[in-house]
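The next block holds one structure in the form of structure tokens; read it before the comments.
Bear in mind that the values in this text are calculations on the coordinates, not laboratory data. Keep in mind that what you see is a predicted model, and the values were worked out from it rather than measured. Note that each Cβ is placed from the backbone with ideal geometry, even for glycine, and that neighbours are counted across all protein chains shown.
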Amino acid sequence: MRATFVGRLEGLEFKPDPRTSSGLEGRAVRNSAMRALRPEVSRRLAQIAHAADEDITLGRDGRVHVNRAAVAKLTQGAPVLKPRLQMIGAEEASELELNAARERLELWLAQLVAHDLRPLVALENAWRDGRLPGDARGLAFRLIENAGALDRAAGDLDHMSEAACNSLRRHGVRLGVHSIFLPALVKPRAAHTSALLWRAAFPDAEQSLFLARPGALSAPLEHKRAWGELAAAGYRACGHVAVRLDLVEKLAEAIESDPPLDDVALARLIGRPMRELASILNSLGYHQATAEEGKPKRWRRSKPKRKGKATAPKDNAFSALANLMPPTDAPPRRRRGGPA
């Protein structure tokens with residue numbers, strides 16, 4: 001009997017030979033091949049169920065690989081801190097085999113999240129367990145929803161007491177000039193994991209994943225990106241450039257230093273050419289002030305319009321809203337289309 005090539009088994013997924021007939025004869029041949037492959041699929045599922053941590057990786061495409069073979073993928077729409085997996089292939093395997101393999105991979109994934117996104121997980125636990133002051137819970141909620149970073153301009157802190165601010169700082173939150181964020185999440189490994197989980201939580205088929213190379217100070221933006229997408233990767237948009245969150249704060253410190261850094265040094269700080277500096281600073285609310293005679297011009301930040309200063313009473317509306325949310329095992333709910 002002459003052997004006929006009908007396809008190959010890649011990971012757990014059977015890839016039929018495109019030259020195989022799509023008619024009844026071709027389907028019969030493929031079904032026969034699948035039956036013949038069941039023992040091998042079962043063997044591979046058993047290997048996955050007992051795989052060592054070092055043999056499992058999460059790829060840039062959102063697929064989980066075991067021994068370099070893609071065997072599962074991130075489920076779209078699952079929360080960033082509670083990701084789920086969907087097995088790739090093995091349709092003919094038993095539920096018992098599939099569940100054992102999936103549970104092993106999801107345990108590895110949960111451990112990855114707990115390790116790489118530890119500060120955000122700790123903040124969520126503090127929020128969920130009611131261990132944050134009432135006037136800090138609302139801001140913590142928004143940080144959890146937005147990959148651990150917020151625009152300071154949109155995060156009004158006037159209502160918050162010093163105790164609330166200190167509580168957030170103890171949980172790794174930096175209340176910066178331009179951004180409120182968790183600096184530990186800007187590190188390459190944390191940013192890589194966060195960006196992949198964010199893309200799975202908020203899929204966008206029209207744009208490629210934003211993930212700058214490890215250690216990049218900034219990256220050009222060819223088109224507009226959502227705040228959460230950039231924040232998950234550790235960046236924020238500054239005009240047509242994404243600048244790392246911590247470097248935006250260093251930029252602000254350098255501008256306010258005495259004497260301030262010159263424009264060449266400011267541009268070098270964020271890894272951009274001099275010609276882009278003005279548009280980047282303008283997007284952050286800076287303008288060049290008129291200098292005294294004989295002195296160089298310096299950048300000044302336009303003061304945002306603020307309401308009258310309030311004293312942050314314990315029963316303010318923002319605090320009351322946060323306190324209405326009882327401790328729960330469920331993570332904060334996500335809005336459709338991703339958080340703002």
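Counting every other Cβ atom within 10 Å of each residue's Cβ, Lys250, Lys224 order from fewest to most as Lys224, Lys250. Pairwise Cα separations in segment 119-323 fall into 5 Å bins from 0 onward with the following percentages, short to long: 1, 7, 14, 17, 17, 15, 13, 9, 4, 1, 0, 0.
Percent of Cα pairs in segment 7-116 per distance bin of 5 Å, from zero to the largest separation: 2, 12, 22, 21, 16, 12, 8, 5, 2, 1, 0. Please give the FRET efficiency for Ala153 paired with His115, using the beta carbon to beta carbon distance and R0 = 51 Å, rounded to the nearest 0.05. E between Ala153 and His115, to the nearest 0.05, is 0.95. In segment 99-123, which residues have a backbone nitrogen under 20 Å from the label point lying 7 Å from Ala49's Cα in the Cα-to-Cβ direction? In segment 99-123, the label zone of Ala49 (backbone N under 20 Å from the point 7 Å along Cα→Cβ) covers 99-110. Remark: the Arg60-Arg300 segment gains 82.4 nm on full extension, using 0.36 nm per residue and subtracting the alpha carbon distance.
If each residue's Cβ is checked for other Cβ atoms within 10 Å, how do Lys15, Lys295 rank with the fewest at the top? Could the numbers behind the result be given before it?
Details: Lys15 11, Lys295 8.
Sorted ascending by nearby Cβ count, the order is Lys295, Lys15.
Which of Lys250/Lys297; Lys15/Lys73; Lys224/Lys303 have a Cα-Cα distance over 23 Å? Write down the numbers at each step before the final one.
Numbers: Lys250/Lys297 20 Å; Lys15/Lys73 17 Å; Lys224/Lys303 26 Å.
Pairs exceeding the cut-off: Lys224/Lys303.
Evaluate E = 1/(1 + (r/R0)^6) for Asn166 and Arg275, where r is the Cβ-Cβ distance and R0 equals 41 Å; express this FRET efficiency to the nearest 0.05. Intermediate values should be presented prior to the final figure.
Working: r = 42 Å, r/R0 = 1.01.
According to the calculation, E is roughly 0.50.
By count of other Cβ within 10 Å, fewest leading, how are Tyr235, Tyr286 ordered? Show your work: numbers first, answer last.
On the way: Tyr235 29, Tyr286 19.
Neighbour counts put them in this order, fewest first: Tyr286, Tyr235.
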